[in-house]
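What follows is a single structure, written as structure tokens, with notes after it.
Only the coordinates and a few stated rules stand behind these numbers; no lab work does. What you are looking at is a predicted structure, and each value in this text was computed from that prediction instead of being measured. Neighbour counts are summed over all protein chains in view; Cβ atoms, including those assigned to glycine, are modelled from backbone coordinates with ideal geometry.
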Amino acid sequence: MAVLERFLEWGGLRREIACLAISGIALLVSMFGPVSALPFDPAWLAILLCGVPILLEAFIGLVTAFDIKADVLVSLALIASVAIGETFAAGEVAFIMQLGALLEDLTVARARAGIEKLVRLTPRTARVLRDGAEEIVPAEEVAVGDLLRVLPGETVPVDGVITAGQTSIDQSVMTGESLPVDKGPGDPVSSGTVNQFGSFDMQAVKVGEDSSIQRMVRLVQSADAGKAKIVGLADRWATWIVVIALSAAALTWLITGEIIRAVTILVVFCPCALVLATPTAIMAAIGNATRHGFLVREGDALERLAAVRRVAFDKTGTLTFGRPQVTQAVSLLPGVTEDQLYAWAAGAEARSEHPLGKAVVRGWRERGGELPPEDGFRMLPGRGVEAAVEGRRIIAGNRELLAERGVPWEGLLRAAAPALEEGCTIIYVAADGQPAGFLALADTLRSDAAETVRAVRAAGAEPVLLTGDHEAAARHIAGALDIGSYRAQCLPEDKLAWIERSQQEGRQVCMVGDGINDAPALKKAWVGVAMGGVGSDIAVDAADIALVNDDIKELPHLLRLARRMMTTIRLNLTFSMALNFAAIALAITGVLNPVVGALVHNAGSVAVIVNSALLLAWRKKS
């Protein structure tokens, strides 16, 4: 048995293509060539190259698991045709069935390495403080209660709590937030997140398999356990097809006494067009999707997408650009314009490595402004910056920094309240110890986000926002895009739990995301769509479909295309079954013989392929 299985696996796709090419030529020669001048009928090549694998598959399935698939009926037709000398009919049926198998193989999922990439994010070492000295040890040796030190640019090795130091942490790996989060003593930090600026000491709370990054790995590994693969329709109906075909053939033989009629029934009942109905439509739809910027990585992804009733969007990098921009500058000093305040802040941030500082400088330059000269720059991790700009001592940062410098910040907080309610991040600015104003920064919406959400709803799916950002930012974005349902401050397991609940209620979910933190949700969802251009490669590996150019306005087309594809498949199936039953009636009455029956199969298969090919250029007119 093992030898037979190895034979079937030999050569893979190349073997299938080579066998089909040789078999196709052999059948043409058998039909139109000088067969009598040849030592044997070339159709035997098709029987051997395409038919033998079918016989072996049917035999292995029956013997090992009593699994009756379409291959069983095809095998019976092949044996019966050969037995009565109808080699062309046997070869043609084998060729058509192997063509369908090749198309199915071309839509099989590609190997994914997302879990391995995620595992590589796990920190290898940690700096443990013992007796006042640093000791670098493997991360798996860290114990609960150990004191650790994390330097700028290093990855946090375990979950813990900061005991000393100020810093900014990039938490995008866990929450997807586009902006770093300032941290200080008493604040929690998670393994896998990145320390950006200040060094800090921390106490280990969760280590090893309990750490956040390891939980993420386990989530990705288990997320698609309940995602059932769609079984081919011909195989689902195979048992009934075999019973009906054998019964019809046996009764015809008994009643008429003509075995050729019984063999013809077996030939015309072979589900050739039925086998081609689904893979040809899928291949054509995948071609259409590719033209619109989608890389379909799972063969049955479009079949599943047709059943989706909810589309869950991550915010950062999906509906927004994932890059903070200054949206508002407000001056509270008499005689100081907003542009002047902006220039002071940009000058103070000129040498800052913080993403917010870089956004301020970039925004000022995009407005055509010149950076004013600065002197005495100081980076204050977890707080902000200070520098001398145009003869004034400028402080730009959070309100904790202003409080440390004795700057009254209550008025600034009241003035910034509307911006805070919209989910903006605020940089407070003080000049010479006086509150001067503030800059509001926010992640900006993609220009086509609102139209995409509207079109998704028009396509019959409910849009939902799932984001790791705080409540105010989520509420503001949901309101701006007219998304009725949203969830804020979602960790990876929160997104996973929401998707699972929704799908248990019978509302299948399509998850659209871009970050590492979205990988478990992308894999758990009925269909996962990853932003391939700006997205994490781990997210792309976990998804069923990748949007190569990040043009989300094509997403509604993909939803409609999936449903159109299923309509095409149903038409193909209806036609192929109708053709089969009509051919059986003609075979019973003796109108068809095995060769003509095989040709009828050819015509039906061609009709199915042509109908599927119409999907290549399909697009619903607006």
Burial-style ranking of 611-621, 350-360, 426-436, average other-beta-carbon count within 10 Å with highest first, yields 426-436, 350-360, 611-621
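First check a/c for region 323-444, with a ≥ b ≥ c the square roots of the eigenvalues of its C-alpha gyration tensor; if it is under 1.5, answer rounded, and if not, answer prolate when a/b is larger than b/c or oblate otherwise.
Values: a/c = 1.26, a/b = 1.03, b/c = 1.22.
It comes out rounded by the Cα gyration axes.
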Quick one: of 523/553; 315/523; 523/620; 315/621; 553/621; 358/524, which pairs are farther than 25 Å apart, Cα to Cα?
523/620; 315/621; 358/524
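Could you please report the charge total around residue 421, scoring K, R as +1 and D, E as -1 over all other residues with beta-carbon less than 11 angstrom from its beta-carbon?
On the way: positive: 475; negative: 422, 471.
Summing Lys/Arg as +1 and Asp/Glu as -1 gives -1.
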Gained length - residue 247 relative to residue 64, 0.36 nm times residue gap less alpha-carbon distance
63.4 nm
Going by average Cβ density within 10 Å per residue, which order do the peptides 337-345, 76-84, 18-26 take, highest to lowest?
76-84, 337-345, 18-26
